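Undergrad: Take this structure first; my questions come after.
The values are calculated or read from the model by the stated rules, or taken from the named source; none is laboratory data. Remember, it's a predicted structure, so these values are computed and weren't measured experimentally. So basically every Cβ, Gly included, is an ideal-geometry build from the backbone, and we count neighbours across all protein chains shown.
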Amino acid sequence: MRMSQYFLPTLKENPAEAQIVSHRLMLRAGLIRQTSAGIYAWLPLGLRVLRNIERIVREEQDRSGAQEVLMPTIQSADLWRESGRYDAYGPEMLRIKDRHDREMLFGPTNEEMITVLFRDGVKSYRDLPKNLYHIQWKFRDEVRPRFGVMRGREFLMKDNYSFDIDKAGAIHSYNKMFVAYLRTFARMGLKAIPMRADTGPIGGDLSHEFIILAETGESAVFCHKGLVDKDILGRTIDYGADLQPIVTEWTSLYAATDEMHDTEAFEKIPESERLAARGIEVGHIFYFGTKYSKPMNAVVAGPNGEQVTVEMGSYGIGVSRLVGAIIEASHDDGGIVWPESVAPFKVAIVNLKPDDGAVAGACGKLYEGLQGSGVSVLHDERDLRPGAKFADMDLIGIPWQVIVGPKGLGAGKVEVKNRRTGAREELALDDVVGELSRRLG
Ligand code: P5A
């Protein structure tokens, strides 16, 4: 993409309405714009990040065996009357009427809708287990939308729903998601710690929130420090195997959100190993048994022909919230520092002298070469002074900057800067494409 043509309205000044760094940087780097309270438009650069996050979430869902569907945003109130949640849900639900005066709502979550789809499509225990997910916009009329996409009213969620014949099966499905979530967040460069959590309006008695530690987080959390350094990515996961040992490894150390905090248990941990901190909830998983399947009559024929009410769980990831959470976890004074896996472009070419034919030629060649190797590139060929270009590049956080000027080029060299470390190196022009493609692997 050529930057001179790109719709990238960056801001020099800090917007007054933004209280936390990720919100400030998302506005300044031209990722989003607010259109009403808690509702945002995604601009090209922001949308590329959102899509990358979605892609990682989707790949890990598919890998775990879940199947993608797409349910509508608008739901009928009758659906929610079936489960008994219509009145219970309260003012967070955006209720609307169509032209026939039928009561509708903008879905805050999809337990009811998926239960009906399941009920109408699955009749026998032989078709179990099933795990269905979608990535769809939700609306919750939050009392206090704030911090940009962190607590929006309209937000993008990945939600999935598991159906099993018995509790043991449902716990296996829960464990699968537990492990899939650890992998998903690790791939985004995040340390997400699973913590015992309150189930709120979703219900059930077993749930974990996945928390990124951050001072600006909305949740107070308490955990054993040992959990902060644990790693998951190195492992190959066999989703057919018993995953309880991995889950137990994570849950044997104390970790709880404020609502589930047990002071006595926490104080049994040696003081030097206790961590009381704040965090951002990027995911939340629930096992709730038959809370929806029972009132909504989601039954299948069991092995002996008997009717069995299915056991369910639901699992959510805040896809749009993750854009903010990643920035909270990864930025510096100059701006955003994207982890490579979610970066809107992997490489930026900074042309220091656009009116110099040789420099422009070299940049053009690099651009073609990188694109040809499947590397996404943003090409800054704008007619601006170098200082302004460097500041913009650091602000938008592209992981690798290739800086091309007449001096270096005279000796066949360009400068390559790593956004995260700030390290600069000189590379021969002819080596850049090969070297960066190799590093980005
Ligand atoms: C699980 C999936 C649920 O809704 N039903 C389907 C269950 N869980 S949840 O915890 O309420 O939400 C799941 C994740 O969505 C994100 N989230 C939000 N993101 C931005 N703005 C909001 N207002 C918002 N509310 C929830 C969180 O990441 C949460 O973990």
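Undergrad: Of the conditions (1) within 13 Å of the ligand (Cβ to nearest atom); (2) free of Cβ contacts under 8 Å to residues at least 60 places away in the same chain; (3) surrounded by fewer than 18 Cβ atoms within 10 Å (Cβ to Cβ), Glu103 satisfies every one except a single condition; which number is it?
TA: Failing condition for Glu103: (1).
Undergrad: Any idea which of Val319, Val310 is out of contact with any His (no Cβ under 8 Å at 6 or more places or on another chain) and within 16 Å of the ligand (Cβ to nearest atom)?
TA: Step by step, each of Val319, Val310 is checked, and only Val319 is out of contact with any His (no Cβ under 8 Å at 6 or more places or on another chain) and within 16 Å of the ligand (Cβ to nearest atom).
Undergrad: Same structure again: Tell me whether the range 329-345 contains one or more residues that are more than 12 Å from the ligand (Cβ to nearest atom), part of a helix (DSSP H, G or I), under 28 Å from the mean Cα position of the chain (by Cα) and of a type in the set (A, V, I, L, M, F, W, C).
TA: yes
Undergrad: Also, quick follow-up: Here is a list of conditions, (1) in contact (Cβ under 8 Å) with a residue 60 or more places away in the chain; (2) of a type in the set (A, V, I, L, M, F, W, C); (3) away from the ligand (no atom under 16 Å from the Cβ), and Ile269 meets all of them except one; can you say which number that is?
TA: Every condition holds for Ile269 apart from (1).
Undergrad: Would you call Gly369 farther than 30 Å from Leu322 by Cβ, without any contact (Cβ under 8 Å) to a residue 60 or more places away in the chain and part of a helix (DSSP H, G or I)?
TA: no
Undergrad: Evaluate the following for Gln75: is it farther than 30 Å from His331 by Cβ, in contact with a strand residue (DSSP E or B) (Cβ under 8 Å, 6 or more places away or on another chain), surrounded by 17 or more Cβ atoms within 10 Å (Cβ to Cβ) and not aromatic (Phe, Trp, Tyr)?
TA: It is true that Gln75 is farther than 30 Å from His331 by Cβ, in contact with a strand residue (DSSP E or B) (Cβ under 8 Å, 6 or more places away or on another chain), surrounded by 17 or more Cβ atoms within 10 Å (Cβ to Cβ) and not aromatic (Phe, Trp, Tyr).
Undergrad: For the subset of the range 388-408 comprising residues that are of a type outside the set (Val, Ile, Thr) and more than 26 Å from the chain's Cα centre (by Cα), which member is nearest to Gly324 (Cα to Cα)?
TA: Looking at the filtered set, the residue picked out is Ala391.
Undergrad: Limited to the range 274-293, what total is found for residues that are at positive phi and either of a type in the set (D, E, K, R) or near the ligand (Cβ under 8 Å from one of its atoms) (or both)?
TA: 0
Undergrad: Something else now. Run His261 past the list (1) more than 16 Å from the ligand (Cβ to nearest atom); (2) more than 23 Å from Ala197 (Cβ to Cβ); (3) surrounded by 16 or more Cβ atoms within 10 Å (Cβ to Cβ) and report the number of the one that doesn't hold.
TA: Every listed condition holds for His261 apart from (2).
Undergrad: Right, another one. Taking the options Leu395, Leu378, Leu384, name whichever one is closer than 17 Å to Val433 by Cα and either outside any loop (DSSP other than H, G, I, E, B) or not small (Gly, Ala, Ser) (or both).
TA: Leu378
Undergrad: If you check Ala411, Ala423, which single one turns out to be hydrophobic (A, V, I, L, M, F, W, C), more than 23 Å from Val323 (Cβ to Cβ) and either surrounded by 19 or more Cβ atoms within 10 Å (Cβ to Cβ) or over 29 Å from the mean Cα position of the chain (by Cα) (or both)?
TA: The conditions single out Ala411.
Undergrad: Looking at the range 85-107 only, could you name the residues that are under 22 Å from Thr199 (Cα atoms), in a loop (DSSP other than H, G, I, E, B) and at pLDDT 95 or above?
TA: Met93, Gly107
Undergrad: Taking the conditions exactly as written (in a helix (DSSP H, G or I) and not hydrophobic (A, V, I, L, M, F, W, C)), does Gly364 satisfy them or not?
TA: Against the criterion (in a helix (DSSP H, G or I) and not hydrophobic (A, V, I, L, M, F, W, C)), Gly364 qualifies.
Undergrad: Same structure again: Evaluate the following for Tyr287: is it aromatic (Phe, Trp, Tyr), part of a strand (DSSP E or B) and touching a residue at least 60 places away in the same chain (Cβ under 8 Å)?
TA: yes
Undergrad: Can you spot a residue in the range 175-184 that is within 14 Å of the ligand (Cβ to nearest atom) and outside any helix (DSSP H, G or I)?
TA: no
Undergrad: Still on this structure, I have one more. Could you look through the range 272-283, keep only residues that are surrounded by fewer than 24 Cβ atoms within 10 Å (Cβ to Cβ) and under 26 Å from the mean Cα position of the chain (by Cα), and pick out the one that is nearest to Thr184 (Cα to Cα)?
TA: Among those residues, the one meeting the criterion is Glu281.
Undergrad: Still on this structure: In the range 22-80, how many residues are within 16 Å of the ligand (Cβ to nearest atom), not hydrophobic (A, V, I, L, M, F, W, C) and not in a strand (DSSP E or B)?
TA: The number of residues fulfilling the criteria is 11.
Undergrad: Right, another one. Being within 23 Å of the chain's Cα centre (by Cα) and without any contact (Cβ under 8 Å) to a residue 24 or more places away in the chain narrows it down to one of Asp62, Asp98, so name that one.
TA: Asp62
Undergrad: Looking at Gly169, Gly148, Gly152 in this structure, which one is more than 26 Å from Lys230 (Cα to Cα) and away from the ligand (no atom under 13 Å from the Cβ)?
TA: Gly169
Undergrad: Next question, about the same structure. Could you list, in sequence order, all residues of the range 1-21 that are out of contact with any helix residue (DSSP H, G or I) (no Cβ under 7 Å at 6 or more places or on another chain) and assigned to a helix (DSSP H, G or I)?
TA: Met3, Ser4, Gln5
Undergrad: Sort through Gly226, Gly240, Gly217 and tell me the only one that's outside any strand (DSSP E or B) and within 16 Å of the chain's Cα centre (by Cα).
TA: Gly217
Undergrad: Now a separate question. So for the range 120-139 (the condition being closer than 17 Å to Gly38 by Cα, within 16 Å of the ligand (Cβ to nearest atom) and crowded, with 19+ Cβ neighbours inside 10 Å), does at least one residue qualify?
TA: Checked the range 120-139: at least one residue is closer than 17 Å to Gly38 by Cα, within 16 Å of the ligand (Cβ to nearest atom) and crowded, with 19+ Cβ neighbours inside 10 Å.
Undergrad: Still on this model: So is Thr199 within 24 Å of Ser330 (Cβ to Cβ) and within 16 Å of the ligand (Cβ to nearest atom) or not?
TA: no
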